[in-house]
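The values are calculated or read from the model by the stated rules, or taken from the named source; none is laboratory data. Small disclaimer: the values here were computed from a predicted structure and weren't measured. Cβ coordinates were reconstructed from backbone atoms using ideal geometry, including for glycine residues, and neighbour counts include every protein chain displayed. To get the accessible areas, we keep the full protein, side chains included, count just its heavy atoms, and leave off ligands, DNA and RNA. Shrake-Rupley method; radii C 1.70, N 1.55, O 1.52, S 1.80 Å.
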Amino acid sequence: MSDFSDLGLPEDLLRAVRERGYTTPTPVQAKAIPIILDTRDIIAGAQTGTGKTAAFVLPLLARLGTQFSGPARRPPRALVLTPTRELAAQVEESVQIYGKYCRLRSLVMFGGVGINPQIDGLRRGVDILVATPGRLLDHLGQRTVDLSAVEILVLDEADRMLDMGFIKDIRRIISVLPKVRQNLLFSATFPPEIRELAGSLMRDPAQVEIAPQGTTAERIQQHVIVCDRSRKKDLLVELFQSRQWQQALIFTRTKHLANRLAEQLDAQGITAMAIHGNKSQTARTKALFEFKNGRLQALVATDIAARGIDISELPTVVNYELPMVAEDYVHRIGRTARAGASGAAYSLVCVDEYRLLESIERLTRQRFTRERVEGFEPDPNAKPQPIETGRGQRGPRAPGHHGGGDAVRRHDAPRRPEPGNEAPRRSGPAPDGQRRSSQPVDGNRRPAPGGDAQRRAPVDGNRRPAGGNNGNANGNYQQRQRGR
Ligand code: AMP
């Protein structure tokens, strides 16, 4: 498919797409849009940054009738569920962007902010409701939302919702929706629970597969620099200067290190802020805003805080520490080189992390050249030390040392959800207030990476990167009205 106008979208949407500067639909858009317009259910898997948001938002707006004029106080006809606040905000932002010339109304709702403005928004009438499951259940409990008119249900990043323990919440929400509706499920991976959910939810769904599992974005130049454990911060500063980085998104495993590193970079003249789940929604939004506007050179993030962040033209991602879960590497580097752009990912790897690096190589089926930077070379006599994961727990002990009781304890240890995200609230496979655990990268149980939620490996042991998101993270609920 070479042109958006071939997809069957109305002119109101094509105009917004043109203004956005898109000329060609991405593969997931080319495949999914006609199917959704055809009112079929769909299960779609797409590599990160593939344009999946527009792949469901555009046909959803078309299906609702871009110039719809119902009664002012109307209940939502489309419901989009997302795992995190950031993603909810970004999806709704996309609804705004692509729906610029539509008369449809949208509302985003998530926890951590006041419920009353959301209630007011619902009362005023909404066509498209974008929500995280927890807050939506609060509204259902208080009978402040009416889902009886929902014609289209979208589950975005379904595997993440599953990993965050939302499966029961999702089922409860689905149980109050009209039985006849169109279902759209987007997921990066397809573990059995997702297939089961899709099976119970859908009528003869079309299946859209975009990227083969386990591949990383091809346009990302991936560098691995092996270095001394104690010199990482200086190496990072050196790289900023010598490679003339304009901006970099930097990942750490722990919130504590994210804070410290942001302070240290700032002290060295590199403007930086940290973003993680212990920060208030306002602080997270502010940091993102400053970064997107170019006022910050470095944004230091933990995995979950960075999920769903879409910063257009972000050229550089740095793994200051490798993630405990190889799959997160793919998600992290997917923050750059989005939708056709190119980008670079730098991983600073010390002796403690060699085993993690090997896991990433197995997952992504590539072997990295171990680069060295003069003055920062690793000490050849250094012995690996246990990795601090931010929970007082220890990571892998040495290359080739494959887990043990320690890892099992980590897996079973209670996990508290990050305040920045909706907590799983009902019992079931994930106990109250705990996140679901996932399959490990290498057959061992997988430790909790720095207090962040974890994702589930796909059934066949291969993994596909998760889709990213669109637009700005936007720290509060919003209601938009156009044309009326
Ligand atoms: P998503 O996978 O939905 O998070 O989208 C990733 C990025 O691709 C976002 O910055 C979108 O604005 C952008 N994008 C989506 N569709 C297109 C397209 N057809 N052409 C160029 N960029 C796009």
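Tabulated data
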read-out: Of all residues making up segment 13-67, the number that are buried (at least 24 other Cβ atoms within 10 Å of the Cβ), within 14 Å of the ligand (Cβ to nearest atom) and assigned to a helix (DSSP H, G or I); value: 14
read-out: Count of segment 150-168 residues which are surrounded by 19 or more Cβ atoms within 10 Å (Cβ to Cβ) and either of a type in the set (Lys, Arg) or at pLDDT 95 or above (or both); value: 6
read-out: Among the candidates LEU147, LEU140, residue that is at pLDDT 95 or above and under 18 Å from ARG63 (Cβ atoms); value: LEU147
read-out: Condition check for TYR101: over 30 Å from ASP163 (Cα atoms) and either within 12 Å of the ligand (Cβ to nearest atom) or touching a strand residue (DSSP E or B) at 6+ places or on another chain (Cβ under 6 Å) (or both); value: no
read-out: Test: LEU136 is away from the ligand (no atom under 16 Å from the Cβ), crowded, with 19+ Cβ neighbours inside 10 Å and touching a residue at least 60 places away in the same chain (Cβ under 8 Å); value: no
read-out: Criterion violated by VAL126 - all others in (1) surrounded by fewer than 24 Cβ atoms within 10 Å (Cβ to Cβ); (2) part of a loop (DSSP other than H, G, I, E, B) satisfied; value: (1)
read-out: Condition check for VAL91: touching a strand residue (DSSP E or B) at 6+ places or on another chain (Cβ under 8 Å), part of a helix (DSSP H, G or I) and either open to solvent by less than 30 Å² (accessible area, probe 1.4 Å) or touching a residue at least 60 places away in the same chain (Cβ under 8 Å) (or both); value: yes
read-out: Any hit, segment 73-82, residues being under 15 Å from ASP156 (Cα atoms), in the same structural domain as ILE119 (by TED's automatic domain parsing) and in a loop (DSSP other than H, G, I, E, B); value: yes
